[in-house]
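To start, the structure itself, in C-alpha coordinates.
The values are calculated or read from the model by the stated rules, or taken from the named source; none is laboratory data. Everything quoted here is computed from the prediction, not taken from an experiment. As a convention, Cβ positions derive from the backbone with ideal geometry for all residues, glycine included, and neighbour counts pool all protein chains shown.
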Amino acid sequence: MSDVRALAAQALDQVVRGGVSLRAAFAQVAPRLADSRDRAFLSALLHEGARWWLRYDALIGRLLQKPLHRREPVVHALLVLGLVQLAVLALPEYAAVAGTVEATRALKRPQLAGLVNALLRRFLRERVALEAVIGSDRLLSSSHPAWLVQQLARDWPDDVDAILAANNAPAALVLRANRRRTTPAALTERLVGAGHAASMHGWLADAVVLEDSTDVTHLPGYAQGEFSVQDGAAQLMPDLLDLHDGLRVLDACAAPGGKTAHCLERHALDLLALDRDSQRLAQARENLTRLGLRAEMNTGDATQPSVWWDRRLFDRILLDAPCSATGVIRRQPDIRLHRRSGDIERSAAEQAQLLDALWPLLRPGGRLVYATCSVLPRENAAQVGAFLARTSDAQLNHDAVPARFGRAVATGRQNLPGVDGMDGFFYAVVEKAN
Ligand SMILES: C[S@@+](CC[C@H](N)C(=O)[O-])C[C@H]1O[C@@H](n2cnc3c(N)ncnc32)[C@H](O)[C@@H]1O
(Lines give C-alpha, C1' and ligand atoms only; values in the text may rest on other atoms or scores of the structure.)
Protein backbone atom coordinates (compact mmCIF):
# COMPACT_ATOMS: atom_id res chain seq x y z
CA MET A 1 0.00 0.00 0.00
CA SER A 2 1.34 3.44 -0.86
CA ASP A 3 -1.61 5.68 0.10
CA VAL A 4 0.07 8.36 2.25
CA ARG A 5 -3.01 9.10 4.37
CA ALA A 6 -3.70 5.43 5.02
CA LEU A 7 -0.05 4.82 5.98
CA ALA A 8 -0.16 7.89 8.23
CA ALA A 9 -3.31 6.60 9.95
CA GLN A 10 -1.66 3.24 10.68
CA ALA A 11 1.48 4.94 11.97
CA LEU A 12 -0.44 7.44 14.09
CA ASP A 13 -2.43 4.61 15.64
CA GLN A 14 0.90 2.99 16.56
CA VAL A 15 1.97 6.24 18.24
CA VAL A 16 -1.29 6.69 20.13
CA ARG A 17 -2.16 3.15 21.14
CA GLY A 18 1.16 1.35 20.73
CA GLY A 19 3.26 3.93 22.61
CA VAL A 20 5.69 4.09 19.65
CA SER A 21 7.59 7.37 19.27
CA LEU A 22 6.70 9.62 16.38
CA ARG A 23 10.25 9.38 15.11
CA ALA A 24 10.19 5.56 15.10
CA ALA A 25 6.73 5.44 13.52
CA PHE A 26 7.87 7.77 10.72
CA ALA A 27 11.10 5.83 10.18
CA GLN A 28 9.13 2.59 9.84
CA VAL A 29 6.75 3.87 7.19
CA ALA A 30 8.69 6.50 5.23
CA PRO A 31 10.85 4.05 3.23
CA ARG A 32 7.65 2.78 1.60
CA LEU A 33 7.19 6.14 -0.11
CA ALA A 34 9.50 6.79 -3.05
CA ASP A 35 8.60 10.45 -3.62
CA SER A 36 10.13 13.00 -1.25
CA ARG A 37 6.93 15.10 -1.40
CA ASP A 38 4.94 12.11 -0.15
CA ARG A 39 7.41 11.68 2.70
CA ALA A 40 7.10 15.36 3.58
CA PHE A 41 3.28 15.03 3.60
CA LEU A 42 3.54 11.92 5.79
CA SER A 43 5.76 13.83 8.23
CA ALA A 44 3.31 16.77 8.36
CA LEU A 45 0.34 14.43 8.91
CA LEU A 46 2.10 12.56 11.70
CA HIS A 47 3.41 15.64 13.51
CA GLU A 48 0.18 17.59 13.31
CA GLY A 49 -1.86 14.44 13.96
CA ALA A 50 0.02 13.85 17.22
CA ARG A 51 -0.05 17.54 18.15
CA TRP A 52 -3.80 17.85 17.66
CA TRP A 53 -4.87 14.30 18.55
CA LEU A 54 -6.39 15.17 21.91
CA ARG A 55 -8.46 17.95 20.38
CA TYR A 56 -9.87 16.07 17.38
CA ASP A 57 -10.16 12.72 19.13
CA ALA A 58 -12.46 14.42 21.66
CA LEU A 59 -14.35 16.32 18.96
CA ILE A 60 -15.02 13.14 16.97
CA GLY A 61 -16.27 11.56 20.20
CA ARG A 62 -18.85 14.33 20.39
CA LEU A 63 -19.87 14.05 16.74
CA LEU A 64 -20.27 10.29 16.40
CA GLN A 65 -23.07 8.46 18.12
CA LYS A 66 -21.20 5.17 17.99
CA PRO A 67 -17.52 5.90 18.56
CA LEU A 68 -15.07 4.12 16.25
CA HIS A 69 -11.91 4.21 18.32
CA ARG A 70 -12.35 0.74 19.88
CA ARG A 71 -13.76 -1.13 16.90
CA GLU A 72 -11.85 0.62 14.15
CA PRO A 73 -8.88 2.46 15.69
CA VAL A 74 -7.04 3.01 12.40
CA VAL A 75 -10.08 4.55 10.71
CA HIS A 76 -10.54 6.67 13.84
CA ALA A 77 -6.94 7.87 13.41
CA LEU A 78 -7.70 8.56 9.75
CA LEU A 79 -10.67 10.71 10.78
CA VAL A 80 -8.42 12.72 13.11
CA LEU A 81 -6.05 13.18 10.17
CA GLY A 82 -8.96 14.24 7.96
CA LEU A 83 -9.86 17.02 10.40
CA VAL A 84 -6.19 17.98 10.72
CA GLN A 85 -5.97 18.36 6.94
CA LEU A 86 -9.00 20.66 6.94
CA ALA A 87 -8.46 22.67 10.12
CA VAL A 88 -4.67 22.71 10.61
CA LEU A 89 -2.94 22.06 7.29
CA ALA A 90 -5.64 24.07 5.46
CA LEU A 91 -5.62 21.75 2.46
CA PRO A 92 -8.24 22.42 -0.24
CA GLU A 93 -11.50 20.93 1.05
CA TYR A 94 -12.08 18.69 -1.93
CA ALA A 95 -8.57 17.19 -1.84
CA ALA A 96 -8.71 16.60 1.92
CA VAL A 97 -12.14 14.95 1.91
CA ALA A 98 -11.73 12.90 -1.27
CA GLY A 99 -8.21 11.81 -0.30
CA THR A 100 -9.32 10.72 3.16
CA VAL A 101 -12.32 8.80 1.79
CA GLU A 102 -9.98 7.12 -0.69
CA ALA A 103 -7.62 6.18 2.16
CA THR A 104 -10.54 4.46 3.95
CA ARG A 105 -10.75 2.17 0.93
CA ALA A 106 -6.98 1.71 0.85
CA LEU A 107 -7.30 0.49 4.44
CA LYS A 108 -9.80 -2.08 3.16
CA ARG A 109 -12.71 -0.52 5.01
CA PRO A 110 -14.95 0.54 2.09
CA GLN A 111 -17.99 0.10 4.33
CA LEU A 112 -16.78 3.08 6.42
CA ALA A 113 -16.09 5.41 3.47
CA GLY A 114 -19.58 6.93 3.74
CA LEU A 115 -19.18 7.65 7.44
CA VAL A 116 -15.76 9.28 6.91
CA ASN A 117 -17.17 11.42 4.11
CA ALA A 118 -20.20 12.42 6.22
CA LEU A 119 -18.18 13.36 9.29
CA LEU A 120 -15.69 15.52 7.37
CA ARG A 121 -18.52 17.26 5.50
CA ARG A 122 -20.36 17.87 8.76
CA PHE A 123 -17.23 19.48 10.19
CA LEU A 124 -17.09 21.79 7.17
CA ARG A 125 -20.79 22.69 7.49
CA GLU A 126 -20.69 23.30 11.25
CA ARG A 127 -17.15 24.59 11.38
CA VAL A 128 -17.87 27.96 12.97
CA ALA A 129 -19.92 26.46 15.80
CA LEU A 130 -17.43 23.63 16.36
CA GLU A 131 -14.50 26.02 16.47
CA ALA A 132 -16.37 28.05 19.07
CA VAL A 133 -16.78 24.89 21.17
CA ILE A 134 -13.04 24.23 20.85
CA GLY A 135 -12.17 27.81 21.71
CA SER A 136 -14.21 27.77 24.92
CA ASP A 137 -12.46 24.72 26.37
CA ARG A 138 -8.78 24.92 27.45
CA LEU A 139 -8.21 21.19 27.00
CA LEU A 140 -9.70 21.12 23.51
CA SER A 141 -8.06 24.31 22.38
CA SER A 142 -4.60 23.46 23.75
CA SER A 143 -4.78 19.76 22.87
CA HIS A 144 -2.92 18.83 26.06
CA PRO A 145 -3.80 16.15 28.62
CA ALA A 146 -5.70 17.35 31.69
CA TRP A 147 -3.02 16.30 34.20
CA LEU A 148 -0.36 18.35 32.42
CA VAL A 149 -2.54 21.45 32.08
CA GLN A 150 -3.32 21.23 35.82
CA GLN A 151 0.35 20.75 36.70
CA LEU A 152 1.42 23.70 34.54
CA ALA A 153 -1.34 25.87 36.04
CA ARG A 154 -0.05 25.03 39.53
CA ASP A 155 3.62 25.54 38.65
CA TRP A 156 3.31 28.52 36.29
CA PRO A 157 -0.03 30.24 37.02
CA ASP A 158 0.93 33.38 35.11
CA ASP A 159 2.51 31.56 32.17
CA VAL A 160 0.38 28.48 31.62
CA ASP A 161 -1.44 29.80 28.53
CA ALA A 162 1.80 31.05 26.98
CA ILE A 163 3.41 27.63 27.56
CA LEU A 164 0.46 25.79 25.99
CA ALA A 165 0.48 28.15 23.01
CA ALA A 166 4.26 27.79 22.54
CA ASN A 167 3.91 24.00 22.60
CA ASN A 168 1.60 24.28 19.60
CA ALA A 169 3.59 26.87 17.65
CA PRO A 170 6.13 26.02 14.95
CA ALA A 171 9.77 26.15 16.04
CA ALA A 172 12.65 27.26 13.83
CA LEU A 173 15.40 24.75 13.20
CA VAL A 174 18.60 25.60 15.05
CA LEU A 175 22.00 24.33 13.96
CA ARG A 176 25.27 24.25 15.87
CA ALA A 177 28.30 25.02 13.75
CA ASN A 178 31.18 22.60 14.35
CA ARG A 179 33.99 25.01 15.19
CA ARG A 180 36.58 22.45 14.20
CA ARG A 181 35.31 22.49 10.62
CA THR A 182 33.66 25.87 10.03
CA THR A 183 32.38 29.04 11.70
CA PRO A 184 28.75 30.14 12.22
CA ALA A 185 29.39 33.00 9.76
CA ALA A 186 30.79 30.71 7.05
CA LEU A 187 28.02 28.16 7.58
CA THR A 188 25.35 30.86 7.38
CA GLU A 189 26.85 32.19 4.15
CA ARG A 190 26.97 28.70 2.66
CA LEU A 191 23.33 27.99 3.54
CA VAL A 192 22.12 31.36 2.29
CA GLY A 193 24.07 30.72 -0.92
CA ALA A 194 22.13 27.47 -1.32
CA GLY A 195 18.83 29.39 -1.02
CA HIS A 196 18.00 28.85 2.67
CA ALA A 197 16.75 31.50 5.10
CA ALA A 198 19.65 31.12 7.53
CA SER A 199 21.00 33.67 10.00
CA MET A 200 23.45 33.75 12.88
CA HIS A 201 21.87 33.60 16.33
CA GLY A 202 21.74 36.87 18.22
CA TRP A 203 23.89 35.79 21.16
CA LEU A 204 24.74 32.08 21.11
CA ALA A 205 28.29 31.71 19.86
CA ASP A 206 27.83 28.64 17.65
CA ALA A 207 24.17 28.76 16.65
CA VAL A 208 22.68 29.30 13.19
CA VAL A 209 18.91 29.64 12.83
CA LEU A 210 17.11 28.17 9.82
CA GLU A 211 13.60 29.47 9.28
CA ASP A 212 12.52 26.78 6.82
CA SER A 213 12.13 23.27 8.13
CA THR A 214 13.98 20.87 5.90
CA ASP A 215 15.73 17.51 5.79
CA VAL A 216 19.07 18.61 7.22
CA THR A 217 20.92 15.61 5.84
CA HIS A 218 20.54 17.19 2.39
CA LEU A 219 21.98 20.55 3.43
CA PRO A 220 25.46 21.48 2.20
CA GLY A 221 28.07 20.63 4.81
CA TYR A 222 26.04 18.00 6.66
CA ALA A 223 27.97 14.99 5.36
CA GLN A 224 31.23 16.87 6.01
CA GLY A 225 30.29 17.26 9.68
CA GLU A 226 30.09 21.04 9.59
CA PHE A 227 27.02 21.21 11.84
CA SER A 228 24.48 19.40 13.98
CA VAL A 229 20.86 20.13 14.81
CA GLN A 230 20.54 21.37 18.39
CA ASP A 231 18.11 23.81 19.96
CA GLY A 232 19.65 27.03 21.24
CA ALA A 233 18.76 26.23 24.86
CA ALA A 234 20.95 23.13 24.71
CA GLN A 235 23.92 25.11 23.36
CA LEU A 236 24.92 26.72 26.68
CA MET A 237 26.55 23.64 28.14
CA PRO A 238 30.26 24.15 27.24
CA ASP A 239 30.18 27.69 28.68
CA LEU A 240 28.43 26.58 31.87
CA LEU A 241 31.01 23.84 32.38
CA ASP A 242 33.81 26.45 32.19
CA LEU A 243 35.91 24.14 30.05
CA HIS A 244 39.53 24.32 29.06
CA ASP A 245 41.83 21.92 27.26
CA GLY A 246 42.95 18.86 29.18
CA LEU A 247 40.11 18.67 31.71
CA ARG A 248 38.72 15.28 32.65
CA VAL A 249 34.98 15.42 32.02
CA LEU A 250 32.12 12.99 32.61
CA ASP A 251 29.01 13.26 30.44
CA ALA A 252 26.87 10.93 32.55
CA CYS A 253 23.75 10.76 30.33
CA ALA A 254 25.41 11.36 27.01
CA ALA A 255 23.41 9.77 24.22
CA PRO A 256 22.81 10.68 21.42
CA GLY A 257 25.86 12.83 22.06
CA GLY A 258 24.72 16.38 21.29
CA LYS A 259 26.35 18.01 24.30
CA THR A 260 29.36 15.67 24.29
CA ALA A 261 30.04 16.75 20.70
CA HIS A 262 29.62 20.45 21.47
CA CYS A 263 32.13 20.23 24.34
CA LEU A 264 34.64 18.40 22.13
CA GLU A 265 34.18 20.89 19.28
CA ARG A 266 35.28 23.60 21.71
CA HIS A 267 38.10 21.89 23.62
CA ALA A 268 40.51 18.93 23.69
CA LEU A 269 39.12 17.02 26.66
CA ASP A 270 39.62 13.70 28.37
CA LEU A 271 35.89 12.98 28.16
CA LEU A 272 33.95 9.87 29.16
CA ALA A 273 30.53 9.65 27.51
CA LEU A 274 28.31 7.29 29.49
CA ASP A 275 24.77 6.16 28.79
CA ARG A 276 22.82 3.12 29.85
CA ASP A 277 21.13 2.77 26.46
CA SER A 278 23.57 1.04 24.11
CA GLN A 279 21.51 1.78 20.97
CA ARG A 280 21.41 5.48 21.73
CA LEU A 281 25.12 5.37 22.51
CA ALA A 282 25.76 3.77 19.10
CA GLN A 283 23.95 6.77 17.59
CA ALA A 284 26.24 9.07 19.61
CA ARG A 285 29.26 7.22 18.22
CA GLU A 286 27.99 7.75 14.66
CA ASN A 287 27.38 11.44 15.34
CA LEU A 288 30.87 11.96 16.75
CA THR A 289 32.41 10.15 13.75
CA ARG A 290 30.55 12.41 11.30
CA LEU A 291 31.78 15.45 13.23
CA GLY A 292 35.38 14.17 13.35
CA LEU A 293 35.45 13.90 17.17
CA ARG A 294 36.54 11.21 19.61
CA ALA A 295 35.55 10.32 23.16
CA GLU A 296 35.77 7.34 25.44
CA MET A 297 32.33 5.73 25.41
CA ASN A 298 30.82 3.38 27.90
CA THR A 299 27.45 1.71 28.27
CA GLY A 300 26.58 1.83 31.94
CA ASP A 301 24.19 2.95 34.64
CA ALA A 302 25.34 6.28 36.03
CA THR A 303 23.80 5.44 39.40
CA GLN A 304 26.24 2.49 39.70
CA PRO A 305 29.72 4.03 39.28
CA SER A 306 31.39 1.05 40.99
CA VAL A 307 30.73 -0.89 37.77
CA TRP A 308 32.35 1.51 35.28
CA TRP A 309 34.40 4.18 37.14
CA ASP A 310 38.23 3.89 37.16
CA ARG A 311 38.55 5.92 40.42
CA ARG A 312 40.03 9.01 38.72
CA LEU A 313 38.07 12.06 39.86
CA PHE A 314 36.43 14.27 37.26
CA ASP A 315 37.07 18.02 36.95
CA ARG A 316 33.61 18.51 35.46
CA ILE A 317 30.41 16.50 35.41
CA LEU A 318 27.60 17.11 32.99
CA LEU A 319 24.29 15.65 34.13
CA ASP A 320 21.77 16.13 31.33
CA ALA A 321 19.22 14.16 33.27
CA PRO A 322 16.42 11.96 31.95
CA CYS A 323 13.21 13.93 32.52
CA SER A 324 9.61 14.49 31.48
CA ALA A 325 10.76 16.41 28.36
CA THR A 326 7.88 18.83 28.98
CA GLY A 327 10.06 21.66 27.63
CA VAL A 328 10.35 20.18 24.12
CA ILE A 329 6.73 19.35 23.36
CA ARG A 330 6.75 21.88 20.50
CA ARG A 331 9.37 19.76 18.72
CA GLN A 332 8.14 16.35 19.87
CA PRO A 333 4.35 16.58 19.98
CA ASP A 334 3.99 12.88 20.92
CA ILE A 335 5.40 13.59 24.41
CA ARG A 336 1.98 14.88 25.46
CA LEU A 337 0.43 11.55 24.41
CA HIS A 338 3.00 9.34 26.11
CA ARG A 339 3.68 11.00 29.48
CA ARG A 340 1.52 10.15 32.48
CA SER A 341 1.33 12.15 35.69
CA GLY A 342 2.98 9.30 37.63
CA ASP A 343 6.08 9.55 35.40
CA ILE A 344 7.12 12.81 37.07
CA GLU A 345 7.72 11.32 40.52
CA ARG A 346 9.57 8.39 38.95
CA SER A 347 11.90 10.62 36.98
CA ALA A 348 12.39 12.93 39.99
CA ALA A 349 13.47 9.93 42.09
CA GLU A 350 15.90 8.86 39.37
CA GLN A 351 17.34 12.37 39.07
CA ALA A 352 17.97 12.48 42.84
CA GLN A 353 19.72 9.10 42.65
CA LEU A 354 21.88 10.31 39.76
CA LEU A 355 22.92 13.46 41.62
CA ASP A 356 23.83 11.51 44.77
CA ALA A 357 25.70 8.77 42.91
CA LEU A 358 27.76 11.14 40.73
CA TRP A 359 28.70 13.79 43.32
CA PRO A 360 31.50 11.73 44.94
CA LEU A 361 33.15 11.41 41.49
CA LEU A 362 33.76 15.18 41.27
CA ARG A 363 37.06 16.59 42.52
CA PRO A 364 37.03 19.28 45.21
CA GLY A 365 36.80 22.62 43.39
CA GLY A 366 35.13 20.89 40.44
CA ARG A 367 31.84 21.79 38.81
CA LEU A 368 28.68 19.83 38.02
CA VAL A 369 26.08 21.19 35.62
CA TYR A 370 22.58 19.79 36.06
CA ALA A 371 20.28 20.26 33.07
CA THR A 372 16.85 19.07 31.97
CA CYS A 373 14.49 19.82 29.09
CA SER A 374 11.63 19.95 31.61
CA VAL A 375 9.55 22.91 32.75
CA LEU A 376 8.43 21.26 35.98
CA PRO A 377 10.05 22.62 39.18
CA ARG A 378 9.83 19.16 40.76
CA GLU A 379 12.53 18.03 38.30
CA ASN A 380 14.42 21.32 38.34
CA ALA A 381 14.66 23.98 41.05
CA ALA A 382 13.11 21.76 43.74
CA GLN A 383 15.31 18.82 42.74
CA VAL A 384 18.50 20.86 42.98
CA GLY A 385 17.28 22.59 46.16
CA ALA A 386 16.82 19.23 47.89
CA PHE A 387 20.25 18.08 46.70
CA LEU A 388 21.93 21.22 48.07
CA ALA A 389 20.12 20.76 51.39
CA ARG A 390 21.44 17.21 51.86
CA THR A 391 24.96 17.76 50.42
CA SER A 392 27.16 19.82 52.71
CA ASP A 393 30.04 20.39 50.23
CA ALA A 394 27.78 21.47 47.32
CA GLN A 395 27.42 25.19 46.55
CA LEU A 396 25.23 26.79 43.98
CA ASN A 397 26.94 29.18 41.56
CA HIS A 398 24.00 31.39 40.71
CA ASP A 399 25.86 33.69 38.37
CA ALA A 400 27.32 31.02 36.12
CA VAL A 401 24.20 30.84 33.91
CA PRO A 402 23.94 33.99 31.76
CA ALA A 403 21.16 36.35 32.79
CA ARG A 404 19.91 36.54 29.21
CA PHE A 405 18.90 32.88 29.42
CA GLY A 406 15.40 32.32 30.78
CA ARG A 407 14.50 33.54 34.27
CA ALA A 408 16.04 33.10 37.69
CA VAL A 409 14.37 30.45 39.84
CA ALA A 410 15.40 29.34 43.34
CA THR A 411 18.39 27.21 42.33
CA GLY A 412 19.11 27.96 38.68
CA ARG A 413 17.64 29.45 35.53
CA GLN A 414 14.58 28.21 33.68
CA ASN A 415 13.65 28.98 30.10
CA LEU A 416 10.02 28.39 29.18
CA PRO A 417 9.26 27.00 25.69
CA GLY A 418 9.29 29.54 22.90
CA VAL A 419 10.91 32.27 25.01
CA ASP A 420 13.80 33.77 23.04
CA GLY A 421 12.97 31.20 20.32
CA MET A 422 14.28 28.39 22.53
CA ASP A 423 13.00 25.17 24.04
CA GLY A 424 12.01 24.85 27.68
CA PHE A 425 15.21 24.09 29.56
CA PHE A 426 16.66 24.30 33.07
CA TYR A 427 20.28 24.73 34.21
CA ALA A 428 21.88 24.71 37.63
CA VAL A 429 25.63 25.03 38.21
CA VAL A 430 26.87 23.40 41.41
CA GLU A 431 30.46 23.55 42.69
CA LYS A 432 32.27 21.36 45.18
CA ALA A 433 33.98 23.03 48.11
CA ASN A 434 37.80 22.71 48.17
C1 LIG B 1 18.20 14.00 27.98
S2 LIG B 1 18.87 12.54 27.32
C3 LIG B 1 20.54 13.02 27.05
C4 LIG B 1 20.78 13.84 25.82
C5 LIG B 1 22.26 14.07 25.54
N6 LIG B 1 22.95 14.63 26.70
C7 LIG B 1 22.50 14.97 24.36
O8 LIG B 1 22.78 16.17 24.52
O9 LIG B 1 22.42 14.47 23.23
C10 LIG B 1 18.99 11.53 28.74
C11 LIG B 1 19.79 10.26 28.54
O12 LIG B 1 19.96 9.67 29.84
C13 LIG B 1 20.09 8.28 29.66
N14 LIG B 1 19.91 7.68 31.00
C15 LIG B 1 18.79 7.60 31.73
N16 LIG B 1 19.04 7.03 32.92
C17 LIG B 1 20.36 6.75 32.94
C18 LIG B 1 21.25 6.15 33.91
N19 LIG B 1 20.78 5.73 35.08
N20 LIG B 1 22.54 6.01 33.57
C21 LIG B 1 23.01 6.42 32.38
N22 LIG B 1 22.23 6.98 31.44
C23 LIG B 1 20.93 7.15 31.72
C24 LIG B 1 19.04 7.96 28.63
O25 LIG B 1 19.34 6.74 27.99
C26 LIG B 1 19.15 9.17 27.69
O27 LIG B 1 20.00 8.89 26.61
Notebook entry, point to check: If residue 69 passes every condition in (1) out of contact with any Gly (no Cβ under 7 Å at 6 or more places or on another chain); (2) surrounded by 21 or more Cβ atoms within 10 Å (Cβ to Cβ) but one, which one does it miss?
Noted result: (2)
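Please find, within the range 272-317, the residue that is farthest from the ligand (Cβ to nearest atom) out of those that are of a type in the set (Gly, Ala, Ser) and under 18 Å from residue 237 (Cα atoms).
295
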Notebook entry, point to check: Taking helices (runs of 4 or more DSSP H) that fall entirely within the range 18-94, which contain at least 3 residues that are within 20 Å of residue 123 (Cα to Cα) and not small (Gly, Ala, Ser)?
Noted result: 36-63, 73-87
Note to self: Checking the conditions here, which among 221, 225, 202 is in contact with a Phe, Trp or Tyr (Cβ under 9 Å, 6 or more places away or on another chain), part of a loop (DSSP other than H, G, I, E, B) and not assigned by TED's automatic domain parsing to the domain that holds residue 371?
What the structure shows: 221
Check: Can you find a residue in the range 175-191 that is outside the structural domain of residue 330 (by TED's automatic domain parsing), in a loop (DSSP other than H, G, I, E, B) and closer than 15 Å to residue 420 by Cα?
Finding: no
Notebook entry, point to check: residue 352: in contact with an Asp or Glu (Cβ under 7 Å, 6 or more places away or on another chain) and either in a helix (DSSP H, G or I) or among the β-branched types (Val, Ile, Thr) (or both), yes or no?
Noted result: no
Next item on the list: Sort out which residues of the range 250-271 are within 6 Å of the ligand (Cβ to nearest atom) and either farther than 15 Å from residue 369 by Cβ or without any contact (Cβ under 8 Å) to a residue 12 or more places away in the chain (or both), and write them in order of number.
Entry: 255, 256, 257
Note to self: Whether any residue in the range 347-370 is in contact (Cβ under 8 Å) with a residue 40 or more places away in the chain, within 30 Å of residue 48 (Cβ to Cβ) and within 14 Å of the ligand (Cβ to nearest atom) is what I want to check.
What the structure shows: no
